[in-house]
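S.K.: Structure incoming, see below.
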Amino acid sequence: MKITVITTGGTIGCSDEGGTLRPNADIAPLVRDALAVGAPGAEYSVLPLMNKLSENMTGADIVKIAAAVRGALSRSDGVVVTHGTDTLAYAAAALSYAFGLSEKPIAIASAAAAPSQTGSDAPLCLAACAAVAASDLRGVYACFAHGGEADVLRASRLLPHLPYSPRLYALGGRAAVYSDGRLRREPGYSERGDELPAADITLLACPPDVTALPSNALSALPEPPDGIRAVVFSAFHSGTLPTGVPAFAEYCARLRRRGLKLYAACSFPGVRYESAEKFAELGIEVLPRLAPAAALVKLRLRLFPSASLGGDLSP
């Protein structure tokens with residue numbers, strides 16, 4: 001069994017320098033110890049790719065990570081990627097579409113606290129990712145440690161964590177759980193079948209032509225710059241948008257006159273509120289039940305929204 005660990009920075013790769021976290025830590029000892037626990041007996045190599053806080057990641061960085069993963073898969077039985085939590089959902093979705101339900105597993109590790117900090121979740125998360133990389137799971141997963149165990153989540157189905165909380169969630173729950181040195185599948189987890197080819201994600205390195213906007217009637221809605229072809233609104237938890245606010249309705253009409261496509265993410269067919277009944281009138285197309293990050297990445301890649309690539313759609 002051979003595993004490649006690709007490091008990119010993030011909190012899991014940070015050192016504490018006078019109270020400031022910087023992504024320059026030597027995590028070789030952390031990787032060694034975690035692999036010994038999560039994948040005992042496995043051979044491994046470490047590929048230091050970049051040292052970045054994930055809030056500074058660009059589409060070009062994600063393309064670079066995908067290229068490194070592709071190379072690692074050619075010489076390994078599984079791959080672990082370390083990444084920061086802030087933009088992990090976007091990189092995770094992109095890797096899911098780049099590799100689909102690959103035969104060799106890819107696991108993404110992150111941490112809410114730096115390895116040098118007391119009680120850091122980094123060792124457990126890395127051990128869980130090592131166990132995934134050594135398993136027969138297919139495709140791309142992200143692991144998040146908490147309370148002595150780690151959730152193993154389909155990477156394209158991540159939902160943003162709540163502010164002030166280290167937890168991240170996923171549509172349809174966790175695919176597996178790692179605890180006490182064992183990886184156990186969740187018996188109730190399911191996803192749609194996926195026999196589609198992997199996607200070319202190099203478009204992420206191009207200037208963005210899709211913009212994602214929050215839906216809040218209290219804040220001004222920005223005018224998208226030239227070159228934008230689509231706008232994705234993040235719906236409220238009830239699946240609605242402020243369609244009854246005249247300023248929002250006029251905003252949608254103005255964007256449509258510019259030829260922009262309008263989408264609602266995190267909504268769902270059959271929402272019963274009257275505000276949702278105006279979606280069609282305003283030209284807003286409801287996307288399938290995708291995580292917002294996956295919806296944005298999929299539209300950036302010009303992929304058909306309802307197609308399942310990498311297990312992104314919940315049943």
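The values are calculated or read from the model by the stated rules, or taken from the named source; none is laboratory data. All values derive from a computational prediction rather than experimental measurement. Here the Cβ positions follow ideal geometry from the backbone for every residue, glycine too, while neighbour counts run over all protein chains shown.
S.K.: In the stretch 246-313, which helices (runs of 4 or more DSSP H) lie fully inside it and hold 1 or more residues that are modelled with pLDDT under 90 and under 25 Å from the mean Cα position of the chain (by Cα)?
M.R.: Details: elements: 246-257, 274-277, 279-282, 292-300.
So the answer is 292-300.
S.K.: Within the set of pairs 6 or more residues apart or between chains, which connect a residue that is free of Cβ contacts under 8 Å to residues at least 12 places away in the same chain inside the stretch 107-125 to a residue that is assigned to a loop (DSSP other than H, G, I, E, B) with Cβ atoms less than 7 Å apart?
M.R.: 119/113; 120/111; 120/113; 120/114
Residue by residue, here is whether (1) closer than 14 Å to residue 89 by Cα; (2) in the same structural domain as residue 95 (by TED's automatic domain parsing); (3) touching a Gly at 6+ places or on another chain (Cβ under 6 Å) holds:
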{"site": "144", "(1), (2), (3)": "yes, yes, no"}
{"site": "148", "(1), (2), (3)": "no, yes, no"}
{"site": "154", "(1), (2), (3)": "yes, yes, yes"}
{"site": "158", "(1), (2), (3)": "yes, yes, no"}
{"site": "161", "(1), (2), (3)": "yes, yes, no"}
{"site": "165", "(1), (2), (3)": "no, yes, no"}
{"site": "169", "(1), (2), (3)": "yes, yes, no"}
{"site": "173", "(1), (2), (3)": "no, yes, no"}
{"site": "179", "(1), (2), (3)": "no, yes, no"}
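S.K.: Being in a loop (DSSP other than H, G, I, E, B) and of a type outside the set (Asp, Glu) is the filter here, so list the residues in the stretch 51-77 that pass it.
M.R.: Within the stretch 51-77, 53, 57, 58, 74, 75, 76 qualify.
Results for (1) modelled with pLDDT under 95; (2) touching a Gly at 6+ places or on another chain (Cβ under 9 Å); (3) not β-branched (Val, Ile, Thr), shown as yes or no for each residue.
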{"position": "21", "(1), (2), (3)": "yes, no, yes"}
{"position": "28", "(1), (2), (3)": "yes, no, yes"}
{"position": "32", "(1), (2), (3)": "no, no, yes"}
{"position": "36", "(1), (2), (3)": "no, no, yes"}
{"position": "41", "(1), (2), (3)": "yes, no, yes"}
{"position": "62", "(1), (2), (3)": "no, no, no"}
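S.K.: Look through the stretch 168-182, keep the residues that are assigned to a strand (DSSP E or B) and either surrounded by fewer than 14 Cβ atoms within 10 Å (Cβ to Cβ) or free of Cβ contacts under 8 Å to residues at least 60 places away in the same chain (or both), and return whichever of them is nearest to the chain's Cα centre (by Cα).
M.R.: 169
S.K.: Where residues in the stretch 197-225 are of a type in the set (A, V, I, L, M, F, W, C) and touching a Gly at 6+ places or on another chain (Cβ under 7 Å), which of them is modelled with the lowest pLDDT?
M.R.: Applying the filter and picking the extreme gives 198.
S.K.: Suppose we filter the stretch 183-227 for residues that are among the aliphatic types (A, V, I, L, M) and assigned to a loop (DSSP other than H, G, I, E, B); how many remain?
M.R.: Adding up the residues that qualify gives 8.
S.K.: For the stretch 122-135, which positions are surrounded by fewer than 24 Cβ atoms within 10 Å (Cβ to Cβ) and in a loop (DSSP other than H, G, I, E, B)?
M.R.: 135
S.K.: Going through the stretch 276-309 one residue at a time, which ones are crowded, with 18+ Cβ neighbours inside 10 Å and among the polar types (S, T, N, Q)?
M.R.: Selection gives 308 alone.
S.K.: When you go through 179, 156 one by one, which is the residue that is farther than 22 Å from residue 290 by Cβ and of a type in the set (S, T, N, Q)? Break it down into steps so the answer makes sense when it comes.
M.R.: Details: 156 fails: farther than 22 Å from residue 290 by Cβ.
That would be 179, the only listed residue that is farther than 22 Å from residue 290 by Cβ and of a type in the set (S, T, N, Q).
S.K.: Go through 107, 112, 150, 145 for me and flag whichever is crowded, with 18+ Cβ neighbours inside 10 Å, at pLDDT below 95, outside any helix (DSSP H, G or I) and in contact with a helix residue (DSSP H, G or I) (Cβ under 6 Å, 6 or more places away or on another chain).
M.R.: Of 107, 112, 150, 145, the one residue that is crowded, with 18+ Cβ neighbours inside 10 Å, at pLDDT below 95, outside any helix (DSSP H, G or I) and in contact with a helix residue (DSSP H, G or I) (Cβ under 6 Å, 6 or more places away or on another chain) is 145.
S.K.: Residues being hydrophobic (A, V, I, L, M, F, W, C) and either closer than 16 Å to residue 121 by Cα or in contact with a His (Cβ under 8 Å, 6 or more places away or on another chain) (or both): count how many of those fall in the stretch 1-27.
M.R.: Residues that pass the stated criteria total 5.
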